[in-house]
Each structure stands twice: as structure tokens, then as C-alpha cells.
Amino acid sequence: MAGGDAMSGLRAVMLGPPGSGKGTQAELICGRLGVPAISTGEMLRQAVADGSALGLRVKEILDSGALVDDATMADVMEQRLAAEDAQNGFLLDGYPRTLGQAETLDAILARQARTLDMVVLIEVPEEKLIRRALARQRADDTREVISNRQRVYREQTAPLIDRYRTQGILESIDGDQTIEQVQADIADLFGVTA
Ligand code: AMP
């Protein structure tokens, strides 16, 4: 592993359907790992809130639950992973979301002579996901947008599971537990004891 000790050098991805709690879990474990949690959803929502050129371009796409195109996301990730705080590891939440994005991520890391260490898949039965999503929905989320997000995950993101399993870096976690239990399982995976 390039640079730092095993934990602080960790380069990992949280994978899971909308409503699986991966954002919450990424935030919690990052505080303990000492690497930044990088959420592309947060970055894009911030761009919309700022009214930046990127924000204006992606607003409607975010509202619909569809995915922003891979080329735009490649620019976003290139820039974010070049930042100082990402040089000694990171935990990605919400990227990659397509096979094309997975290739882009590999290419960005290869240029830095690095590879991905681990992909953590948080598994939750689909009917629970819909219920959770309805409970936490943002003001403008409709039931259609929520089920559209699930469909987009099934069709475009779920194929990443096989890719990373074949690569031998996929670890699955049962996400149908309390936040604390899921966090404890993730901490075990990353070897965080305290
Ligand atoms: P999230 O908070 O991760 O659910 O992301 C919210 C929305 O941002 C998604 O529904 C997409 O429209 C967009 N988004 C976030 N990450 C990506 C990504 N890696 N690729 C394409 N679109 C994304």
C-alpha cells in the first residue's frame, strides 16, 4: 500500500442501494479511520445550492433520480481526488455508480500508482429500502423518483457487485440491522477496534 500506515492509507468504496444507509455509515467510519468520506451526491447537491455552472447543469437530473453522465462525473472525481485531503486515503460514497465510472476510478488511481483496497456492499431487502426512503424523503421526492432511483441502481450500479467480487475486493455487510450493528460490522472489516 502506498504511503501512510494501513488504515490511513485506505482507499475504499461504499456500495449499496439508495436507502441502504451507506452515507451515514461512511461518515461514521471515516471519523475513526482518519480518511475523508467523499459523497458525490453531497457534492452535486452543494453545486446546485451554490448555483454553480455544474449545479445548473445537473439540477434536473438530480431531481429525477437519474444519473449524471459519466464524463461529468469523471471531471468531478479527478478534481476531488487530486485534493490534498484525499492523498492519504479516502472512502467514496456514491461513486462509482456505473461500470464506466469504475473504469475511470481505476484509471485515476493507476496514474497515482494506486489501486482500490476494498468495496463494502451494504445489503438491504428492496421492500425495506422503499419504506426507509419514503420515511426520509426530501421535500421534492415523489414515490416515482424513489422507485426510479431503485431501478437505476438495479440496472446501472448493481453490475459493479460482480466486477468487484471477481476482482476479489468485495465485502458484504448485512444492512438490515441497527445503525450501530452495521457500524460494528464495518469497523471489523476495516480492522478498527476502538
Ligand atoms: P446520492 O446522495 O448518492 O443518492 O446522490 C443523489 C443524486 O446525485 C443521484 O440520484 C444522482 O442523480 C446524482 N449522483 C450522485 N453520485 C453520482 C454518480 N456517481 N454518478 C451519477 N450521478 C450521481
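Laboratory data are not the source of any read-out in this text; all were calculated from the coordinates shown. The structure displayed is predicted, hence computed values, not measured ones. With ideal geometry, Cβ positions are generated from the backbone for all residues, glycine too; neighbour counts draw on all protein chains shown.
How much length is gained if the chain between Gln156 and Ser52 is pulled fully straight, taking 0.36 nm per residue apart and subtracting their Cα-Cα distance, in nm to one decimal?
34.7 nm is the gain from fully extending Gln156 to Ser52.
Quick check on the chain: helices-only [θ] at 222 nm, where DSSP H runs of length 4 and up contribute -39,500 (n - 2.57) each and the sum goes over total residues. Nearest 500, please.
Numbers: 9 runs with 102 residues, N = 194.
The helix-only estimate for the chain comes to -16000 deg cm²/dmol at 222 nm.
Using each residue's phi in region 27-38, evaluate 6.51 cos²θ - 1.76 cosθ + 1.60 at θ = phi - 60° and report the 3J(HN,Hα) Karplus result to the nearest Hz, with x for Gly and Pro.
Karplus values, whole Hz, x for Gly and Pro: 4, 5, 6, 5, x, 8, 8, x, 10, x, 8, 10.
Would you mind counting up the charge near Ala71? Only other residues with Cβ under 12 Å from its Cβ, with Lys and Arg at +1 and Asp and Glu at -1.
After counting each charged neighbour, the total is -3.
In region 11-187, how does Rg compare with the Kirkwood Rh, expressed as the Rg/Rh ratio over alpha carbon atoms?
Radius of gyration relative to Kirkwood radius: 0.94.
Assuming 0.36 nm per residue, please report the length gained on full extension of the stretch Met118 to Thr193 beyond their Cα-Cα distance. Mind showing how you got there, number by number?
On the way: separation 75, 0.36 × 75 = 27.00 nm, distance 1.79 nm.
This chain segment gains 25.2 nm when fully extended.
Computed FRET efficiency, Cβ-Cβ of Leu134 and Ala184, R0 30 Å: what is it to the nearest 0.05? Numbers along the way, then the final one.
On the way: r = 27 Å, r/R0 = 0.90.
About 0.65, to the nearest 0.05.
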